[in-house]
1. Along Cα→Cβ, 7 Å out, is where each label goes; now give me the distance between the ones at residue 105 and residue 18 in nm to one decimal.
2. So, R0 is 41 Å and r is the distance between the beta-carbons of residue 169 and residue 35; what FRET efficiency does that work out to, to 0.05?
3. Going 7 Å from the Cα of residue 55 toward and past its Cβ, which residues in the range 131-161 have a backbone nitrogen under 15 Å from where you end up?
4. If I model a spin label at residue 72 and residue 7 as a point 7 Å from the Cα along the Cα→Cβ vector, what separation in nanometres do I get?
Amino acid sequence: MAPPHEARFLALLNEHRAILHKVAYAYCRDREDRADLVQEMAFALWRSFPRFDDRVKFSTWAYRVAMNVAISRLRSEGRRVRDTVPIDELAIEPGGEDPMLEGASDNMRVLRRLIDGLDGLNRALILLYLDGRTAEEIAEIVGTTPGNVTTRVNRLRQRLQEEFARLEKETP
């Protein structure tokens, strides 16, 4: 039988596992890399669980840990690795589409590409905003103030809208 803290951790992790998958999807294009990143995030959560403060929502804390792991990994890989597409992913195979984009409109695919082009912190802000988090929750997760979050998210939204409009004009 698992110790109570282990059982509690596993129950919380199971309840909020979608957070890890959302963050991994936002930061990794390759399926195997996403799976590895989810494992890294789960391990980081387990390692830091003894310091988890019950006054904070588990989901908020999990987002913060997961994003820190993802951003750290992104920084350590460097831009060259992040922008490289493995040769085996260039082949088009039936059913080879990413499940998160299955059935997505062209507009959603363009938005995804624009978000992929953002740096780690801005990608985190937009991901959390699109996930319906409040400015207060986002601020707690990324370690800033709600006012700063609101300002940055508004600027990001405007920037993405402008880039989206520019791409629409360029597409015949």
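1. 2.2
2. The value I calculate is 0.60.
3. Under 15 Å, as judged by backbone N against the label point of residue 55, lie 140 of the range 131-161.
4. A separation of 3.0 nm, rounded to one decimal place.
Taken together, the values in this text are just the output of simple stated rules run on the coordinates, not laboratory data. This one's a predicted model, so the numbers in the text were calculated from it and none came from an experiment. When we count neighbours, we look across all protein chains shown, and the Cβ atoms used for this are built from the backbone with ideal geometry, even at glycine.
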